[in-house]
Amino acid sequence: MWLKRCQTHLRHDSCSKAPRHQLAKLMHAPTNDSKPESYMKFRSLLFAVVTAVVAWVPVAQAGAITINDGSHDVTIPETPERVVVLEFSFADSLASIGVPAVGVADDNDPKRLPAEVRNVLGDFASVGKRAQPSIEAIAALKPDLIIADVNRHTKMYDQLAAIAPTLLLPSRGEDYAESLESARIVAKSVGKRDAMQARLEKHADIMASYAEKVPDGASAVFAVAREDSLSLHGPDSYDGSVLEALGLEVPDAGPDSQNFVGLEQFLSVNPQYFMVGDYRHPSIVDKWQKEPLWQMLTAVKQQHVYHVAPNAWARNRGIMAAEKIAADVAAMFDDRYQDVQSR
């Protein structure tokens, strides 16, 4: 039913929340028998996402453009040169097409952004925390475009829009397909839609090459560990949807995209591969490693527990973030991965 509705209407709001296997079937890219199945899977996924976005984003026009971000019609008088972004995924989108930013909500810690993103963004100013950015700091930068998160910043939209044209796009809570859609809108807003099209095509090739390393039927889950909790990221989370798009089976661990679990519940999920980002040291995983139940986990028995960079895997989203996750996964299956705890 869902697939039929999307094929008929090809609307952003219904198609963007597609399960990965359904999204890949939504639209079919031209076939190429010389390419492996994993390559064609990513080409099909990309074609579906890009086609859905083009169907609802207005065609570019000379001078001022108006973009509907899902909440507002936002008019941008001319190509922005002073952009402020209030989420890491939007910084990723800009960096992916070589566009700098004058301000970033970086949680007062620029190292939460990957070095490759910071290098492209240039000498930006911090505008505070993503959850509560500083209106005064943003205004002082005199931006001509602000890109904000619909899930974090809706209540301050009027304040932001009084400073500069402001887009409200999904970031926190978005999945992989939605992050690619947001990247397209960001690129259009800064006059770089063609550059983003080329970058997405390159992204599809990169991801497909990593997907070739993933064996059929392998299950994996990513989690964030704090000193007293473990949050499993399911198939509807950003990380889970990237893993699933790579060909891994990502088990559900509860009703939400991210679910806090105890050791017994984690054992019932029992993935073959376990990737964990430690927000604290020592974390609850360090404590669980002393428990008999921990030794019963398949990932533990097969030595498939990997500590990954939490900023790259959990806080960042977007094109470059997905490629980092995929590169780590490929290295794990090639026995080349260097655990972050041993670096």
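Just to check your reading of the model, which residue among Pro100, Pro80 is in contact with a strand residue (DSSP E or B) (Cβ under 9 Å, 6 or more places away or on another chain) and surrounded by fewer than 16 Cβ atoms within 10 Å (Cβ to Cβ)? I'd like the intermediate steps shown before the answer.
Values: Pro80 fails: surrounded by fewer than 16 Cβ atoms within 10 Å (Cβ to Cβ).
When all the criteria are applied, what remains is Pro100.
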Output for Cβ contacts, cut-off 8 Å, separation at least six or different chains, first residue open to solvent by 100 Å² or more (accessible area, probe 1.4 Å) in region 279-294, second in a loop (DSSP other than H, G, I, E, B), reads Arg280/Arg226; Arg280/Glu227
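Yes or no: Ser219 small (Gly, Ala, Ser), open to solvent by 10 Å² or more (accessible area, probe 1.4 Å), closer than 23 Å to Ile284 by Cα and at pLDDT 95 or above?
Numbers: small (Gly, Ala, Ser): yes; open to solvent by 10 Å² or more (accessible area, probe 1.4 Å): yes; closer than 23 Å to Ile284 by Cα: yes; at pLDDT 95 or above: yes.
Judged against the criteria, Ser219 is a match.
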What pairs come up if the first residue lies in region 220-244 and is within 17 Å of His304 (Cα to Cα), the second is of a type in the set (Phe, Trp, Tyr) and in a loop (DSSP other than H, G, I, E, B), and their beta carbons are under 8 Å apart, counting only those six or more places apart or on different chains? Val224/Tyr279; Ala225/Tyr279
In region 103-147, how many are open to solvent by 10 Å² or more (accessible area, probe 1.4 Å), part of a helix (DSSP H, G or I) and without any contact (Cβ under 8 Å) to a residue 60 or more places away in the chain? 10
Of the conditions (1) touching an Asp or Glu at 6+ places or on another chain (Cβ under 9 Å); (2) open to solvent by 10 Å² or more (accessible area, probe 1.4 Å); (3) within 21 Å of Tyr279 (Cα to Cα), Ser229 clears all except one; give me its number. (1)
Restricting region 295-309 to residues that are surrounded by fewer than 19 Cβ atoms within 10 Å (Cβ to Cβ) and out of contact with any helix residue (DSSP H, G or I) (no Cβ under 7 Å at 6 or more places or on another chain), the residue that is nearest to Ala187 (Cα to Cα): His304
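Looking for whichever is of a type outside the set (Ser, Thr, Tyr) and in contact (Cβ under 8 Å) with a residue 40 or more places away in the chain here; the options are Arg336, Arg317. Which one fits? Full working, then the answer.
Numbers: Arg336 fails: in contact (Cβ under 8 Å) with a residue 40 or more places away in the chain.
Answer to the selection: Arg317.
Identify all residues within region 167-201 that are in a loop (DSSP other than H, G, I, E, B) and either open to solvent by less than 30 Å² (accessible area, probe 1.4 Å) or within 17 Å of Val242 (Cα to Cα) (or both); write none if there are none. Steps first, please.
Start the filter on region 167-201 by keeping residues that are in a loop (DSSP other than H, G, I, E, B), which leaves 170-175, 190-192.
Residues satisfying the conditions are Pro170, Ser171, Arg172, Gly173, Glu174, Asp175, Val190.
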If Ala161 satisfies all but one of (1) surrounded by 15 or more Cβ atoms within 10 Å (Cβ to Cβ); (2) modelled with pLDDT of 95 or more; (3) of a type outside the set (Lys, Arg); (4) in a loop (DSSP other than H, G, I, E, B), what's the number of the condition it fails? (4)
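The values are calculated or read from the model by the stated rules, or taken from the named source; none is laboratory data. What you are looking at is a predicted structure, and each value in this text was computed from that prediction instead of being measured. Cβ: placed from backbone, ideal geometry, glycine included. Neighbour counts: every protein chain shown. Side chains included, ligands, DNA and RNA excluded: accessible areas come from the protein's heavy atoms. Shrake-Rupley method; radii C 1.70, N 1.55, O 1.52, S 1.80 Å.
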